[in-house]
Amino acid sequence: MRKVALRSVGLVKYAGKRRILDYCHFCVYEREILGIAGLDGSGIEALAGVLEGRVSIDDGSITMHKKELELSSKAAMMRQGVFGISRHSSLIPQLSVMENICVVKPFTWKDFLISRKKMERQVMRLFDYYGMNIPLRTPVYQLTQLERDMAEICKAALYGAKVLVLHEVSEGYTNREWNELKGLLMRICQEGASVIFIHSDLKKVLKIADRIQVIAHGFIRTEFMAEEYTDDMWKVLYQSEQFYFMHKALKKEKKKTGEGQRPMLTVEGMCMCGLKEKTVLEFPKGMAVGIVAADGKASEFAQIIGKKKKGQGKFYYAGKTFDGYSWRKSNLREIIYVSSLFWKKNCFYNLTIGENIILRDYRRLSKGLWLDKKMLRFAVKEYCRMFHLDEDIMKLKPQDVGEELLKEIFWVGLVAAHPKLLIMEEPFYALDEVGYLYMHKYVNILKEKNCSVIVCGRNQGEIEQFCDKTYILD
């Protein structure tokens, strides 16, 4: 029965909310060359990083000969016998091959005094044993890519590597070089070590490995022996992986257009503002929706949705149903209404600009931030860093700065408020070019944060150009 050299159990790694390793299990036996193949985005880079000690994991474990490994760093993995070799060589280019192999060797009192002759004999014996013909005194930068990789492999073997992890090596190899590399790895395996060969190209993995596993969506999806491989196998796997990424792209596009999403707000039966009783208006997440109407109907609609005026009909928001009265009285702080010349009307001139911004951030205020001056300064610095603003400006009052800066400060404060629904009444009234640019920039930021934006006005051309979708009220 073959003994397991290294086994991974339930490896989990997150990148933000996305799980790039999804309970990944695999094992490599003693004296075996295991190949792991997968397309970019399948989790192959994260798996290689974990095995080399470059990437930490959120859950799971790796054991070697039934003993759990410490995955804290690359040095820790090397001490435990797992050596990673990637396309980025760890050899020092200015030193010779002999110096790279021996000088970086772990310290022992026996080698307290370094003898160049002794070093040369030791490396020569190693190269002869593995059948390598690399000049020892040649600087590393003069070697070919294969010679560098083979020198690193020999160095790992000299230090007692039990498992070798080769990640994306073999760039630009010829057929002869492939055979040389496989011959060296087979000789190392005969000594009792194991090799994990990780590459995004399955055809290259087939040239080296005995047993092959394919990773997709963060877990090992299938396994087969090299002699069992047929072209149809990879065709099926590749098409399936491509379908996965196409599905993700389609989902992203649907999110962008609002198709198939639950709307942020649905208005039904509001028989005012020129709407018929059975009219249903939907406002999807992450989209700007325009409402065009004349004779003050657009302003009336904005005031009803913005809870400034009582309306009729039903309002469906965040899984709850409201009538006209309860909608106006609801304490939903994530719904923000702004009217024309909003950048002037929504400033507190007795407070500094920094305090104006923080005053809109209801999430921070709910935690008592206003009483803590230290946290207040920290929050102001955070917004300066996020939106590339000068900290000195935050100490000034609105009347001490120009109108152009005041417009940008208003929008920074609006983003800081984390709105889920933003209603703008006649935003293009008396709006100059600079104000339009700021509005366009920060509305896009809000849309990326899944905020639904409603733009109400009478100018159909400007609203249709600015919004993703437009309703025209007769």
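The values are calculated or read from the model by the stated rules, or taken from the named source; none is laboratory data. Please read these numbers as outputs of a predicted model, since none were measured by experiment. Neighbour counts run over all protein chains shown; Cβ positions are idealised from the backbone, glycine included.
Odds and ends about this structure:
- With respect to the conditions (1) assigned to a loop (DSSP other than H, G, I, E, B); (2) at pLDDT 85 or above, residue 431 falls short on a single one, namely (2).
- Flag if residue 190 is within 20 Å of residue 93 (Cα to Cα) and either modelled with pLDDT of 85 or more or surrounded by 15 or more Cβ atoms within 10 Å (Cβ to Cβ) (or both): no
- Test for residue 398: is it closer than 20 Å to residue 357 by Cα and touching a strand residue (DSSP E or B) at 6+ places or on another chain (Cβ under 7 Å): no
- Residue check, residue 393 among the hydrophobic types (A, V, I, L, M, F, W, C) and modelled with pLDDT of 75 or more: no
- Residue 158 being among the hydrophobic types (A, V, I, L, M, F, W, C) and in contact with an Asp or Glu (Cβ under 9 Å, 6 or more places away or on another chain): no
- Residue match in the stretch 393-416 (condition: surrounded by 15 or more Cβ atoms within 10 Å (Cβ to Cβ), touching a Lys or Arg at 6+ places or on another chain (Cβ under 9 Å) and outside any helix (DSSP H, G or I)): no
- Residue that is nearest to residue 2 (Cα to Cα) [pool: residues in the stretch 57-72 that are in a loop (DSSP other than H, G, I, E, B) and touching a helix residue (DSSP H, G or I) at 6+ places or on another chain (Cβ under 8 Å)]: 69
- The set of residues in the stretch 161-216 that are part of a loop (DSSP other than H, G, I, E, B), closer than 16 Å to residue 4 by Cα and aliphatic (A, V, I, L, M) comprises 161, 193.
- Residue match in the stretch 453-467 (condition: assigned by TED's automatic domain parsing to the domain that holds residue 303, surrounded by 14 or more Cβ atoms within 10 Å (Cβ to Cβ), modelled with pLDDT under 85 and within 21 Å of residue 264 (Cα to Cα)): no
- When the residues of the stretch 73-90 are filtered to those that are surrounded by 19 or more Cβ atoms within 10 Å (Cβ to Cβ) and small (Gly, Ala, Ser), the one that is farthest from residue 7 (Cα to Cα) is 84.
- Cβ-Cβ under 6 Å pairs, at least 6 apart or on other chains, the stretch 146-168 side modelled with pLDDT of 85 or more, far side hydroxyl-bearing (Ser, Thr, Tyr) and buried (at least 20 other Cβ atoms within 10 Å of the Cβ): 163/194
- Flag if residue 437 is in the same structural domain as residue 306 (by TED's automatic domain parsing) and buried (at least 17 other Cβ atoms within 10 Å of the Cβ): no
- Residue 98 being farther than 29 Å from residue 141 by Cα and either over 31 Å from the mean Cα position of the chain (by Cα) or among the aliphatic types (A, V, I, L, M) (or both): no
- Within the stretch 39-74, the set of residues being within 17 Å of residue 198 (Cβ to Cβ), among the small types (Gly, Ala, Ser) and at pLDDT below 85 comprises 41, 42.
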